[in-house]
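K.L.:
A single structure is presented below for examination.
Read-outs throughout are calculated quantities, based only on the coordinates presented, and are distinct from any laboratory measurement. Because the structure is predicted, anything quoted here is derived from the model rather than measured. Glycine gets a Cβ as well: all are built from the backbone with ideal geometry, and neighbour counts include every protein chain shown.
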Amino acid sequence: MYSVTYHRAASLSDAAKLAKKDEAKFLSGGMTLIPAMKTRLAAPPDVIDLTHIAELKGITVSGKSVTIGAATTHAEVANNAKLKAACPAICHLASHIGDPHVRHRGTIGGSIANNDPAADYPAALLALDATIVTTKRELAAEKFFKGLFETALKDGEIVKAVRFTVPAKAGYAKFPNPASRYAMTGVFVASGKEGVRAAVTGAGDDGVFRSRPIEAALARNFEAAALEGVSVPSDGLMSDLHASAEYRANLVVVMAKRAVMAATG
Amino acid sequence: MSDVSLTVNGRQVNAAVEDRTLLVHFLREHLGLTGTHVGCDTSQCGACVVHVDGKAVKSCTMLAAQASGSTVVTIEGLSDGTGLHPVQAAFKENHGLQCGFCTPGMIMAATDMINRHPEGLDEATVRAELEGNICRCTGYHNIVKSILAASQAMAKGKGRAKAA
Ligand SMILES: Cc1cc2nc3c(=O)[nH]c(=O)nc-3n(C[C@H](O)[C@H](O)[C@H](O)COP(=O)(O)OP(=O)(O)OC[C@H]3O[C@@H](n4cnc5c(N)ncnc54)[C@H](O)[C@@H]3O)c2cc1C
Ligand code: FES
Ligand code: FES
């Protein structure tokens with residue numbers, strides 16, 4: 001690792017001030033940033049630890065409205081009793097990120113700010129039509145996720161929380177890469193008053209996306225059987241040593257079926 | 001440089017370290033606690049697992065400065081000093097190790113796993129929970145057996161403590 005200066009921010013304004021330093025990076029759970037620094041793929045001269053800012057932590061469930069602070073760990077999301085009662089699909093998703101040690105440190109804010117094309121949370125937030133609350137504005141997940149490792153975040157802008165309304169039904173299924181546990185294809189489905197949304201991670205060439213053919217079939221009938229015979233195009237899907245675009249296109253349908261079964265189970 | 005102050009295996013430790021010092025290097029090189037191992041560069045093997053504020057974490061993926069103010073327990077501090085910790089004893093009895101390289105991380109992960117599952121463990125859960133720990137020797141079979149045995153022994157121990 002190259003030399004770095006560590007700062008522990010006590011408040012959001014403190015963090016914003018520190019962020020004025022050239023090339024400074026925010027540090028949350030460190031489960032992505034520290035491995036990148038160890039292998040010298042990232043070399044920020046300064047890191048600003050956000051995890052001691054009380055305002056960024058915790059989960060509130062009030063009626064159908066859920067707010068999760070950016071520095072809330074995957075383990076906390078997986079095990080929160082109120083959230084499990086309101087929206088078990090997101091707890092299930094969090095409980096399958098990486099491994100127990102990664103879940104003890106990694107956070108939802110870090111995960112979405114990083115926007116890895118195979119990360120789990122982006123699929124949930126896009127399907128749940130979540131709002132991302134930052135230090136500067138509020139924006140829809142659709143506007144936040146911009147492509148491979150790209151988001152709408154500007155320099156110095158901090159994700160404070162994510163907020164969503166619990167849908168009538170939701171489910172997530174992923175085909176994990178056997179080595180890393182990242183999604184080789186993961187599908188989050190949500191069905192509510194506003195209709196059906198199905199978001200796919202781990203498969204798109206340009207990161208997380210909504211699958212219209214899946215949504216159209218499920219809008220007619222929100223059951224796994226409705227996806228029988230549905231196919232999704234392989235254009236724009238990733239091909240790599242793990243799987244071809246055609247294989248991933250098939251996985252989208254299979255994972256969507258399993259996600260619907262989990263949602264209606 | 002950062003001044004770090006933490007409790008390691010019950011002992012208060014204060015030191016000035018380079019900010020880039022990983023917790024695992026702080027433990028091994030500054031404190032001489034070489035029971036915690038480094039088995040990879042990619043945060044995947046779990047040989048470095050220690051408990052920070054009661055939770056299993058990969059000490060190779062955390063700066064010592066991030067851990068400042070925390071309480072850390074390593075494999076050296078697991079037993080109370082009077083004998084082996086029940087998880088250590090179970091690994092010994094069930095032949096849960098061969099070369100031993102992964103063992104400190106396995107035992108720290110196992111202890112955390114048992115603590116998080118007071119209702120008890122079954123084989124499928126143990127295997128799923130071992131996702132973050134790699135062993136090159138054993139094929140996991142005896143590790144799983146050791147953890148199941150330890151979980152039962154610790155549940156019984158608790159029962160006895162309550163009855164007493
Ligand atoms: C072995 C292993 C397996 C994993 N498996 C999975 C998996 O199966 N699925 C999955 O989805 N992920 C997986 N991950 C990634 C993990 O979920 C990370 O925790 C997550 O991607 C990043 O979150 P973090 O809190 O650790 O962020 P950090 O590593 O601290 O930060 C990541 C990036 O986000 C920025 N950032 C952090 N917080 C904020 C904020 N509040 N506002 C603005 N920017 C911010 C940082 O500057 C940095 O650029 C895995 C990681 C490891 C090491
Ligand atoms: S040394 Fe491999 S995970 Fe820490
Ligand atoms: S006993 Fe040798 S790596 Fe596990």
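K.L.:
If I model a spin label at A:Ala219 and A:Tyr247 as a point 7 Å from the Cα along the Cα→Cβ vector, what separation in nanometres do I get?
P.N.:
3.3 nm
K.L.:
In addition: Find the centroid of the Cα atoms in the stretch B:20-76 and in the stretch A:89-111, then give the distance between the two in whole Å.
P.N.:
Centre-to-centre distance over Cα atoms comes out at 20 Å.
K.L.:
Using modelled amide H (1.01 Å from N, peptide plane; none on Pro or chain starts), what sits under 5 Å from the amide H of A:Gly204, excluding residues fewer than 5 places away?
P.N.:
Under 5 Å from the amide H of A:Gly204 lie the amide H atoms of A:Met238, each far enough along the sequence or on another chain.
K.L.:
In which sequence would A:Met255, A:Met261, B:Met154, B:Met113 go, from the one with the fewest C-beta neighbours within 10 Å to the one with the most?
P.N.:
The fewest-first ordering by Cβ neighbours comes to A:Met261, B:Met154, B:Met113, A:Met255.
K.L.:
Which of the peptides A:229-238, A:214-223 is most tightly packed, and how do the rest follow, going by the mean number of other Cβ atoms within 10 Å of each residue?
P.N.:
Top of the packing list down: A:214-223, A:229-238.
K.L.:
Mind checking the mean number of beta-carbon atoms from other chains within 10 Å of the Cβ atoms in B:106-115?
P.N.:
Across the residues of B:106-115, the mean count of other-chain Cβ atoms within 10 Å is 1.
K.L.:
Using each residue's phi in the stretch A:85-99, evaluate 6.51 cos²θ - 1.76 cosθ + 1.60 at θ = phi - 60° and report the 3J(HN,Hα) Karplus result to the nearest Hz, with x for Gly and Pro.
P.N.:
Coupling constants for the stretch A:85-99: 6, 7, 8, x, 4, 6, 5, 4, 4, 4, 6, 10, 7, x, 9 Hz.
K.L.:
Please report, for the Cα atoms of the stretch B:1-141, the Rg to one decimal and the Dmax as a whole number; what are they, in angstrom?
P.N.:
Cα only, the stretch B:1-141: 15.0, 46 Å (Rg, Dmax).
K.L.:
Can you grab the distance from the C-alpha centre of the stretch A:156-231 to the C-alpha centre of the stretch B:104-161, Å, no decimals?
P.N.:
34 Å
K.L.:
Using Cα-Cα distances under 8 Å and only pairs 6 or more residues apart, what relative contact order does chain A have, in percent?
P.N.:
Once divided by the residue count of chain A, the mean separation gives 15 percent.
K.L.:
Using only Cα atoms and rounding to the nearest 10 degrees, what angle (0 to 90) does helix A:245-264 make with the longest principal axis of chain A?
P.N.:
Roughly 80 degrees between the two axes.
K.L.:
Between A:Glu23 and A:Asp240, what length comes free when the chain is fully extended (0.36 nm per residue of separation minus the Cα-Cα distance, one decimal in nm)?
P.N.:
75.0 nm
K.L.:
Determine ³J(HN,Hα), in whole Hz, for all residues of the stretch A:25-36 in sequence, where each value follows from phi through the Karplus function 6.51 cos²θ - 1.76 cosθ + 1.60 and θ = phi - 60°; x replaces Gly and Pro.
P.N.:
Taking θ as phi minus 60°, the curve returns 10, 6, 10, 10, x, x, 6, 10, 5, 5, x, 5 Hz for the stretch A:25-36.
K.L.:
Would you kindly derive the ³J(HN,Hα) couplings of the stretch A:197-206 from the backbone phi angles with the Karplus curve 6.51 cos²θ - 1.76 cosθ + 1.60 (θ = phi - 60°), listing them in order in whole Hz, with x for Gly and Pro?
P.N.:
10, 10, 10, 10, 10, x, 10, x, 4, 10
K.L.:
Could you check which residue among B:Val57, B:Val144, B:Val17 shows the biggest mean-square fluctuation in a GNM of chain B with a 10 Å Cα cutoff?
P.N.:
B:Val17
K.L.:
Next question. Once a ≥ b ≥ c are taken as the square roots of the eigenvalues of the Cα gyration tensor of the stretch A:104-182, is the result rounded (a/c under 1.5), prolate (a/b larger than b/c) or oblate (a/b not larger than b/c)?
P.N.:
Judged from the Cα gyration tensor, the stretch A:104-182 comes out oblate (a/c at least 1.5, b/c at or above a/b).
K.L.:
Sticking with this structure for a sec: If one takes the longest principal axis of the Cα atoms in chain B, at what angle in degrees, from 0 to 90 and to the nearest 10, does the Cα axis of helix B:103-116 lie?
P.N.:
Its long axis makes an angle of about 70 degrees.
K.L.:
Further, regarding this structure: Measure nothing but the geometry: give the 0 to 90° angle between the long axis through the Cα atoms of B:141-163 and the longest principal axis through the Cα atoms of chain B, rounded to 10°.
P.N.:
80 degrees
K.L.:
Return P(r) of the protein assembly as shown (all Cα-Cα pairs; 20 Å bins starting at 0; whole %; ordered from short to long distances).
P.N.:
The percentages, shortest bin first, are 25, 55, 20, 0.
K.L.:
Net charge near B:Thr61: determine it from the other residues with C-beta under 12 Å of the C-beta of B:Thr61, scoring Lys and Arg +1 and Asp and Glu -1.
P.N.:
+1
K.L.:
Give the residues of the stretch A:60-91 whose amide nitrogen is closer than 16 Å to a point set 7 Å from the Cα of A:Asp14 in the direction of its Cβ.
P.N.:
Taking a point 7 Å out along Cα→Cβ of A:Asp14, the residues of the stretch A:60-91 whose backbone N falls under 16 Å are A:71.
K.L.:
Let me ask something else. So which of A:Lys64/A:Lys257; A:Lys174/B:Lys145; A:Lys20/B:Lys58 end up more than 27 Å apart by C-alpha?
P.N.:
A:Lys174/B:Lys145; A:Lys20/B:Lys58
K.L.:
I'd like the mean, over residues of B:54-62, of how many other protein chain beta carbons sit within 10 Å of each residue's own Cβ.
P.N.:
Averaged over the peptide's residues, the number is 6.
K.L.:
Taking 0.36 nm per residue of sequence separation and subtracting the Cα-Cα distance, how much length would be gained by fully extending the chain between A:Lys193 and A:Leu41, in nm to one decimal?
P.N.:
Contour length minus Cα-Cα distance gives 50.3 nm.
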